[in-house]
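The values are calculated or read from the model by the stated rules, or taken from the named source; none is laboratory data. Being a predicted model, the structure only gives us computed values, none of them experimental. For neighbour counting, all protein chains shown are included, and Cβ atoms are generated from backbone atoms with ideal geometry for every residue, glycine included. Surface accessibility is based on the protein's heavy atoms, side chains included, excluding ligands, DNA and RNA. Shrake-Rupley method; radii C 1.70, N 1.55, O 1.52, S 1.80 Å.
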Amino acid sequence: MNTLYDIDQIYRAMGFHCPPFRITPDTSFFFPHSQYLTALGRLRFGASSGGLTVLTGEVGLGKTLLCRYFLRQLAEAPEVRTAYIFNPKQSYGELLASLYRDLTGEAIQSHAPGAIHDALYQQLIRLAGEGKRVIFIVDEAHALEPSLIEGLRLLTNLETEDRKLASLMLFGQTELDELLATRQLRALRERITVWHKLRPFGWMETAEYVNHRINMARESGNFCFTRAALTAVRYYTSGIPRRINILCDRALLAAFSQQKRRVDLPLLRLAAREVFGRASMN
């Protein structure tokens, strides 16, 4: 007899059509919280202004999810073309080649940064002539070498007599703030038109986030977290979404193993001990 559970069966048995707390950046689970909506508004302004936009935050605050959600919105705008870099650990030539490939759908044959830069410039001129706005987006930008950031700044200098040819957006951890504060990047820092920082959730926001994820994944039933458990989630995770997802997923599986239809405080403490190695709560 097979005693192993199919993980999807577990979630279906609890009334969910998919895992509510998976940590992958699934845009269908976007949480329309005020700080995310504010960030989206500032990103849209940055994209329209033709300047440099920076969005930073601690690990696990949802930067990549927000980035991909914004990309999905941009994809619906016919006048916008984007080039997205998710792996910043590249040489300058490789970075330029990636941008060129994203814009044109074709790989460039040259490996010389100067030639790729010129080809990219010609593409930007062509797109500007077609009334398109180009946005370069770099995720995990804190991993960029200062020389690469400076090179990207030079791309935003490309312009016609009346408009910039491209906007640049950098998404990264708080190390990016420190990097941009260095004297070496002072010229780039002066070009930043939008600089937005994400913060962890408060007590009520954490509860709203957990309930949002449950409701988005719910197919049937009334599985829930008690009020005390939701308070404990904020205590153990400090309001960081990725940590919330990990803890709540473990608590949900603990509820399944005990055949419970809700996560109460004892279950949440048990999950916290398993995930973080701590279970005390004053």
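Which of the residues spanning segment 255-277 are under 23 Å from ASP6 (Cα atoms) and open to solvent by 10 Å² or more (accessible area, probe 1.4 Å)? Listed by number, the residues that qualify are PHE256, SER257, GLN258, GLN259, LYS260, ARG261, ARG262, LEU270, GLU274, VAL275.
Only one of the listed residues (THR226, THR231) is touching an Asp or Glu at 6+ places or on another chain (Cβ under 7 Å), free of Cβ contacts under 8 Å to residues at least 40 places away in the same chain and open to solvent by 10 Å² or more (accessible area, probe 1.4 Å). That residue is THR226. When LEU40, LEU103, LEU61, LEU74 are screened for being of a type outside the set (Asp, Glu) and buried (at least 22 other Cβ atoms within 10 Å of the Cβ), only LEU61 passes.
Among the residues that make up segment 225-241, is at least one of them in contact with a Lys or Arg (Cβ under 9 Å, 6 or more places away or on another chain), at pLDDT 95 or above and in a strand (DSSP E or B)? Looking for residues that are in contact with a Lys or Arg (Cβ under 9 Å, 6 or more places away or on another chain), at pLDDT 95 or above and in a strand (DSSP E or B), one finds at least one in segment 225-241, hence yes.
The C-beta contact set for segment 104-121 (first residue in contact (Cβ under 8 Å) with a residue 12 or more places away in the chain, second residue in a loop (DSSP other than H, G, I, E, B), distance under 6 angstrom, 6+ apart or interchain) comprises ILE116/ILE108; ILE116/SER110; ALA119/ILE108; TYR121/LEU158. When segment 154-210 is limited to residues that are in a helix (DSSP H, G or I), farther than 17 Å from ILE240 by Cβ and open to solvent by 40 Å² or more (accessible area, probe 1.4 Å), the one that is modelled with the lowest pLDDT turns out to be LEU154.
Listed by first and then second residue, the pairs linking a residue in segment 253-269 that is more than 15 Å from LEU230 (Cα to Cα) and in contact (Cβ under 8 Å) with a residue 40 or more places away in the chain to a residue that is among the β-branched types (Val, Ile, Thr) and surrounded by fewer than 16 Cβ atoms within 10 Å (Cβ to Cβ), with Cβ atoms under 9 Å apart and 6 or more places separating them unless they lie on different chains, are LEU253/ILE7; LEU253/ILE10; PHE256/ILE10. Screening segment 234-252 for residues that are open to solvent by less than 50 Å² (accessible area, probe 1.4 Å), touching a residue at least 60 places away in the same chain (Cβ under 8 Å) and of a type in the set (A, V, I, L, M, F, W, C) and picking the one that is farthest from CYS18 (Cα to Cα) gives ILE240.
Do you know which of the residues in segment 106-120 that are part of a helix (DSSP H, G or I) and either open to solvent by 50 Å² or more (accessible area, probe 1.4 Å) or β-branched (Val, Ile, Thr) (or both) is modelled with the lowest pLDDT? Step by step, filter segment 106-120, then rank; the result is PRO113.
Among the residues of segment 25-37, those that are assigned to a loop (DSSP other than H, G, I, E, B) and either among the hydroxyl-bearing types (Ser, Thr, Tyr) or crowded, with 17+ Cβ neighbours inside 10 Å (or both) comprise PRO25, PHE30, PHE31. For GLN123, the conditions (1) open to solvent by 40 Å² or more (accessible area, probe 1.4 Å); (2) touching a Leu at 6+ places or on another chain (Cβ under 8 Å); (3) not small (Gly, Ala, Ser) are fulfilled apart from (1).
Considering TYR69, TYR84, the condition of being surrounded by fewer than 18 Cβ atoms within 10 Å (Cβ to Cβ), within 24 Å of THR174 (Cα to Cα) and within 19 Å of the chain's Cα centre (by Cα) is satisfied by TYR84 alone. Scanning segment 127-153 for residues that are open to solvent by 30 Å² or more (accessible area, probe 1.4 Å), in a helix (DSSP H, G or I) and at pLDDT 90 or above turns up just one, HIS142.
Condition first: part of a helix (DSSP H, G or I) and touching a residue at least 60 places away in the same chain (Cβ under 8 Å). Now tell me which residues in segment 213-223 satisfy that. Within segment 213-223, ARG213, ILE214, MET216, ALA217 meet the criteria.
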